[in-house]
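**Student:** Take this structure first; my questions come after.
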Amino acid sequence: MIIDGKKISKDLVEKVKDEVSKIKKNGKSPGLSVILIGDYAPSQIYVKNKEKLAKEAGINSEVIRYPKEISEKEVLKKIDELNDNSEISGILVQLPLPSHINKEKIINAIKPSKDVDGFHPMNVGGLASGTTSIVPCTPLGCLFLIKSVEKNLEGKNAVILGRSNLNGKPMAQLLLKENCTVTILHSKTKDLKTECKRADILIAAVGVKEMVKGDWIKKDAIVIDVGINKDNGKIVGDVDFESSKNIAKAITPVPGGVGPMTIACLLKNTLECFKKSNS
Ligand code: GUN
């Protein structure tokens with residue numbers, strides 16, 4: 001089975017859209033501000049897609065664009081302004097940032113209640129301690145996809161390939177909350193293939209094209225591919241789709257798997273931030 005991220009994300013966007021239209025009847029609206037610095041091509045595409053889908057869902061969205069030479073101070077000033085603006089429910093600073101801007105400083109400056117990425121230490125801590133918090137969009141999207149195949153994940157061996165703050169670590173927290181037995185693999189792991197082969201649920205988030213081969217996958221595993229890698233003008237994932245698709249019970253394609261879910265979850269997070277600040 002191929003997991004249709006496009007369809008599942010569309011359903012989620014529709015749900016957000018319905019709620020937003022009800023909110024609008026009361027004269028209010030969730031607002032999303034995206035800060036985009038520099039001209040890194042993939043970020044331009046991601047942000048364009050985020051803006052397009054936010055508009056489709058009826059969320060007021062604005063993209064604030066800065067040249068790559070912008071000072072850290074200017075960006076911090078803008079974040080302060082957005083923190084204090086009651087029309088803005090969510091703030092997202094697109095990563096990566098130019099090297100003269102300190103990523104931690106920027107993330108820490110965003111008001112935790114408006115941090116739609118869930119990257120602020122308050123939200124990271126909230127997720128780790130099991131209290132309610134904003135969950136990063138990509139792992140949240142992955143969980144939706146896994147649950148579209150299987151609702152009860154209790155006792156499953158979940159193996160995550162990659163330990164980034166954006167994906168691997170929050171993914172581990174989410175699956176732990178689902179009562180999975182969670183293993184995180186990384187570049188120093190001794191035998192990646194054997195460890196992957198133990199997975200009932202395998203999440204590949206390393207950014208190495210087609211690294212996971214069919215013979216790394218346990219029969220009937222659920223395989224979620226977070227990778228977006230360029231291969232001769234084509235986009236491919238971290239999993240070798242052709243050799244894996246008949247071994248896995250369910251697998252996400254690239255493109256059309258995790259990608260659309262990330263944006264749908266961003267809209268969901270924006271709506272949640274709005275609801276919390278208006279309750
Ligand atoms: N760059 C790549 N993915 C992301 C994301 O989920 N959030 C932000 N802010 N930047 C990114």
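Bear in mind these aren't lab numbers, they're just calculated from the coordinates by the rules spelled out. It should be emphasised that the depicted structure is a prediction, and the values quoted were computed from it without experimental measurement. Glycine also receives a Cβ, built like all others from the backbone with ideal geometry; neighbour counts cover every protein chain displayed.
**Student:** Quick check on the stretch 1-93: what are the equivalent-ellipsoid semi-axes from the Cα gyration tensor, as sqrt(5λ), descending, whole Å? It would help to have the intermediate numbers written out before the result.
**Tutor:** Numbers: eigenvalues 143, 83, 14 Å².
After scaling each eigenvalue by five and taking roots: 27, 20, 8 Å.
**Student:** Then there is this: Express the Stokes-Einstein translational diffusion coefficient of the stretch 48-116 in µm² s⁻¹, to the nearest whole number, given a Kirkwood radius over alpha-carbon pairs, 20 °C and a viscosity of 1.002 mPa s.
**Tutor:** Diffusion coefficient, whole number: 165 µm²/s.
**Student:** Can you tell me the Rg and the Dmax, both Å, for the Cα atoms in the chain?
**Tutor:** Rg and Dmax of the chain, Cα atoms, are 18.8, 57 Å.
**Student:** List Lys78, Lys234 from most exposed to least, where exposure is judged by having the fewest other Cβ atoms within 10 Å.
**Tutor:** Lys234, Lys78
**Student:** Cα convex hull of the stretch 82-237: mean projected area in nm², to one decimal? Spell out each step's value before the answer.
**Tutor:** On the way: hull surface 45.7 nm².
Directional mean of the projected Cα hull area for the stretch 82-237 stands at 11.4 nm².
**Student:** Oh, and also: As a footprinting exposure proxy, order His186, His100 by other Cβ within 10 Å, with the fewest listed first.
**Tutor:** In increasing order of surrounding Cβ atoms, one gets His100, His186.
**Student:** Could you identify which residue out of Ile203, Ile64, Ile184 has the top mean-square fluctuation in a GNM of the chain using Cα springs shorter than 10 Å?
**Tutor:** Most flexible of the set in this elastic network: Ile64.
**Student:** What does the convex hull of the alpha-carbon atoms of the stretch 208-269 project to on average, in nm²?
**Tutor:** Spelled out: convex hull of the Cα atoms, projected over all directions, averaged, 4.6 nm².
**Student:** How big is the gap, in Å, between the Cα center of the stretch 1-15 and the Cα center of the stretch 138-184?
**Tutor:** Using only Cα atoms to place each centre, the spacing works out to 18 Å.
**Student:** Could I ask something else about it? Most exposed first by the Cβ proxy, i.e. fewest other Cβ within 10 Å, how do Met122, Met171 rank?
**Tutor:** Listing Met122, Met171 from fewest to most nearby Cβ atoms yields Met122, Met171.
**Student:** Could you derive backbone 3J(HN,Hα) for the stretch 109-117 from the dihedral phi with the Karplus parameters 6.51, -1.76 and 1.60 (θ = phi - 60°), listing whole Hz in sequence and x where the residue is Gly or Pro?
**Tutor:** Each residue of the stretch 109-117 in turn: 7, 6, 4, x, 6, 10, 7, 5, 7 Hz.
**Student:** What's the long-distance tail for the stretch 89-176, i.e. % of Cα pairs beyond 18 Å?
**Tutor:** So the portion of pairs separated by more than 18 Å is 48 percent.
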